[in-house]
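Inspection log for the structure reproduced underneath, given as structure tokens.
The values are calculated or read from the model by the stated rules, or taken from the named source; none is laboratory data. This structure is a prediction, so every number in the text was calculated from the model and none was measured. No Cβ is skipped: glycine too gets one built from the backbone with ideal geometry, and neighbour counts run over all protein chains shown.
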Amino acid sequence: MPSCPGRRRAPTRRPNFMPPELAIFGSDAAIAAALAPSPPDLALVVYKALAEYADRSFGDDSGLAIHDWLVERFAPVASFGRSPLEPGHGFGFGFALLAPRGAQAQSAGSR
């Protein structure tokens, strides 16, 4: 599936990993495994209160394998508002733009 804004090929066939997509298309572990052979150049993680899904939180009790895969391999390069990478419940909005850890080091070294 192409990533329309960036005109890049997405590493999975799913545009997002909300609880309904995890329930319909496979476990978060299967999706994390699908990301591994062709990891994205960048990942955008957006915080969203999940009250309509029994108040689950990304990395806490929803998408844990995807969260752990991202945290292990990627580092934030930009963020705004509430961090979507920190587990816990609450309200607010925020996002984190992530880049692969090796790419971040290469980028810093080339300045």
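Results, tabulated for the structure shown:
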read-out: Qualifying positions in the stretch 42-61 - out of contact with any strand residue (DSSP E or B) (no Cβ under 7 Å at 6 or more places or on another chain), closer than 22 Å to S79 by Cα and either modelled with pLDDT of 70 or more or among the hydrophobic types (A, V, I, L, M, F, W, C) (or both); value: K48, A49, F58
read-out: In the stretch 86-111, residue modelled with the highest pLDDT [restricted to those that are in contact with a strand residue (DSSP E or B) (Cβ under 6 Å, 6 or more places away or on another chain), more than 11 Å from L42 (Cα to Cα) and surrounded by 14 or more Cβ atoms within 10 Å (Cβ to Cβ)]; value: F95
